[in-house]
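Enquirer: Let me begin by handing over the structure; questions about it come next.
The numbers here are math on the coordinates, done by the rules we state, and not lab data. Here the structure is a predicted model, which is why all the values come from computation and not from measurement. Every residue, glycine among them, receives a Cβ derived from its backbone with ideal geometry; neighbour counts consider all protein chains shown.
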Amino acid sequence: MVLLDYLRTIRRLTGTKEGCREGDCGACAVLIGELKNDAVAYKVVNSCLLPMGLAAGKHIVTIEGLTADANPIHRAFIDEHASQCGFCTPGMIIALTAYLLSAVKIKAEEAIDALDGNICRCTGYLSIKRAVAAVCADLSPKLDSNRIDDLVKAAVIPEYFKTMPKQLRSIRQPRGDQHPTDALIAGGTDLFVQQAETLETAELYFLEKMQHPVWEEDGVCFLDAAATIADLKESEFLQELFPRLGEMISLISSTPIRNKATVGGNLVNASPIGDLSILLLALDASLHLSGHVQERCIKLREFFVEYKKINLAAHEIIKSISFKTPDESVLFNFEKVSKRRHLDIAGVNSALLLRPEDGLIKEIHISAGGVAPIPLYLAQTSVFLTDKKVEPNTVMKAVQIAESEISPISDVRGSAEYKRALLGRLLQAHFIALFPDLMREVIV
């Protein structure tokens, strides 16, 4: 059973709404609080995709669990006419509360972005944005480092939030030895869309995340396979390596989905347009696989065999992903084209890592999605560009080679011809972004 059904049918907490059941609309949003370093860290998640097993040991908060009287978020939504039919409003308020609980510094623009997983079909969003801005203007001067106490005083959350660390410590128990049976679940954000009915009666095994999901050893960066996409975005270490990482990851799904979707799950899904697969292919990443008998390591480019078929034996799981920690000279770029900039699956996406030296490309890795049955590592194109100067003619020759490596098909996201042309544009976009002066001839 997923949390949404438990809340509505068993607990009768009907403020949490049932909408799309795919994690797109945000009407079912709830807060999930997890004990970390003697404090409870709260995030917003979609209850329609959260199996009950992942709620164990957590603090789950619905709209009914927030302060009802004199809540400044409620007041702002009323004053700005940000609620019309009201169906989406509980999810909006939950998402904004999650932002107020977790943000280091309150900023209206960031608060609006925090509602990226919530859809409204009535207001046109301007009144919602005004309400969010009003809340931020009102509360920003009142919120200090003791965020829980401050939000209790501001009548956003009830007094009982102060007792949650003690309550969660009292119910935490050591995890016993368990063995996977029917299904392995990490985030479940895709499985509970595609296989909801099957999983309803399956015996589930929940994979746990490491306490530190991103780490470095001997010049190699490791990612726990159970790390969420949000973990990557929030990692200070990764932000130092890739200054535009936050911007890149903001193009992947929405905040509630990023809070649960995992790196390993994204890779195992094997979508030909999986954004994380494309990013990691360009980092020339390796996978560390663990089975009953032995462990092995393979390149990510060897993991995808054919459409939705992967190089993963029975009883094997991805334990971690690694790539060489890039030095300051390494350049990295990600491009994605979709019908909507946010909250949409790519039509075509591509990533590029490049290490220049003495005016030449000494190392380069290029990936492309949406142009083959698998997330594609452009091996021939990468080989061609190695030891070349970055020049418009060289880039255009590389585009021609890339076109020979791909095999796009026509589907709802575009014709094969369109995708072929689009990849060429994205390859040029990489070099324009990284070498604007050298590529001035092709900038239109």
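Enquirer: Among the GluC sites (Glu not before Pro) within the range 282-361, which fall in a DSSP loop and have no more than 12 other Cβ atoms within 10 Å of their own Cβ?
Expert: Filter output for the range 282-361: Glu328.
Enquirer: In addition: Can you compute 3J(HN,Hα) from phi for each residue in the range 50-61, using the Karplus curve 6.51 cos²θ - 1.76 cosθ + 1.60 with θ = phi - 60°, rounded to whole Hz and x for Gly and Pro?
Expert: 9, x, 4, x, 7, 8, 4, x, 10, 9, 9, 10
Enquirer: Kindly provide the chymotrypsin sites (Phe, Trp or Tyr not before Pro) of the range 291-368 that DSSP labels as loop, not H, G, I, E or B, and whose Cβ sees at most 13 other Cβ atoms within 10 Å.
Expert: Qualifying residues, ordered by number: Tyr307.
Enquirer: Now a separate question. Once both labels are modelled 7 Å past Cα along the beta-carbon direction, what's the Ala183-Glu159 spacing in nm?
Expert: A separation of 4.2 nm, rounded to one decimal place.
Enquirer: With θ taken as phi - 60° and the coefficients 6.51, -1.76 and 1.60, list the Karplus ³J(HN,Hα) couplings across the range 276-290 in order, rounded to whole Hz; mark glycine and proline as x.
Expert: Along the range 276-290, the couplings run 5, 4, 5, 4, 6, 4, 5, 8, 6, 6, 10, 10, 10, 9, 10 Hz.
Enquirer: Let me ask another. How many angstrom separate the Cα center of the range 103-134 from the Cα center of the range 282-355?
Expert: 33 Å
Enquirer: Please compute the length gained on full extension between His292 and His81, using 0.36 nm multiplied by the number of residues separating them and subtracting their Cα-Cα distance.
Expert: 70.2 nm
Enquirer: Once you order the gyration tensor axes a ≥ b ≥ c over the Cα atoms, which shape class does the chain get: rounded for a/c under 1.5, otherwise prolate or oblate by comparing a/b with b/c?
Expert: prolate
Enquirer: Counting other Cβ atoms within 10 Å, keep those with at most 11, restrict to DSSP loop, and tell me which GluC sites (Glu not before Pro) in the range 197-232 are left.
Expert: Glu203, Glu208
Enquirer: Now for a different question. About its Cα centre, how strong a charge dipole does the chain have in debye, to the nearest 20, once Lys and Arg get +1 and Asp and Glu get -1 at the Cβ?
Expert: Charge dipole, the chain, about its Cα centre: 880 debye, nearest 20.
Enquirer: Turning to a different aspect of this structure: Using the charge dipole of the range 331-442 (Lys, Arg: +1 at Cβ; Asp, Glu: -1 at Cβ; taken about the Cα centre), state which of Ile364, Ile401, His342 has its Cα farthest towards the positive end.
Expert: Selected residue: His342.
Enquirer: Let me make sure I get this right: for the range 1-113, a, b and c are the square roots of the gyration tensor eigenvalues over alpha carbons, sorted descending. Under 1.5 in a/c it's rounded, otherwise prolate if a/b > b/c, else oblate. Which is it?
Expert: Cα axes put the range 1-113 in the oblate bin.
Enquirer: Whole-Hz ³J(HN,Hα) for each residue in the range 368-373, computed from phi via Karplus 6.51 cos²θ - 1.76 cosθ + 1.60 with θ = phi - 60°, x for glycine and proline: what do you get?
Expert: Values, residue by residue: 8, x, x, 10, 7, x Hz.
Enquirer: Give me the extension gain from Thr14 to Glu208: residue separation times 0.36 nm, minus the current Cα-Cα distance, reported in nm with one decimal.
Expert: Here the answer is 66.8 nm.
Enquirer: Could you give the dipole magnitude of the range 271-371 about its Cα centre, charging the beta-carbon of Lys and Arg +1 and that of Asp and Glu -1, in debye to the nearest 20?
Expert: Roughly 420 debye for the range 271-371.
Enquirer: With a ≥ b ≥ c the root eigenvalues of the C-alpha gyration tensor of the range 274-335, is it rounded (a/c under 1.5), prolate (a/b larger than b/c) or oblate?
Expert: Oblate.
Enquirer: Which FRET efficiency value, to the nearest 0.05, is calculated for Asn37 and Leu360 with the Förster distance at 60 angstrom and r the Cβ-Cβ distance?
Expert: That gives a FRET efficiency of 0.80.
Enquirer: So, one more: Hey, can you rank 120-129, 144-153 by average C-beta count inside 10 Å, highest first?
Expert: Listed from highest to lowest mean packing, they are 120-129, 144-153.
Enquirer: I need the Kirkwood Rh of the range 383-444: take the reciprocal of the average 1/r across all distinct C-alpha pairs and report it in angstrom.
Expert: 12.5 Å
Enquirer: Using modelled amide H (1.01 Å from N, peptide plane; none on Pro or chain starts), what sits under 5 Å from the amide H of Ser83, excluding residues fewer than 5 places away?
Expert: The answer is none.
Enquirer: Follow-up. Calculate for the chain the 222 nm mean residue ellipticity that helices alone would give, adding -39,500 (n - 2.57) per DSSP H run of length 4 or more and normalising by residue count, nearest 500 deg cm²/dmol.
Expert: -8500 deg cm²/dmol
Enquirer: Roughly how tilted is helix 392-405, in degrees to the nearest 10 and between 0 and 90, from the longest Cα axis of the chain?
Expert: Rounded to the nearest ten degrees, it is 80.
Enquirer: Positive end of the charge dipole of the chain (Lys, Arg +1 and Asp, Glu -1 on Cβ, about the Cα centre): tell me which of Ala55, Ile321, Leu3 has its Cα farthest that way.
Expert: Leu3
Enquirer: Could I ask something else about it? How large is the charge dipole for the range 331-442, taken about the Cα centre, if only the Cβ atoms of Lys, Arg (+1) and Asp, Glu (-1) carry charge, to the nearest 20 debye? Show your work: numbers first, answer last.
Expert: Values: 14 positive and 13 negative charges, 79 e Å.
Roughly 380 debye, rounded to the nearest 20.
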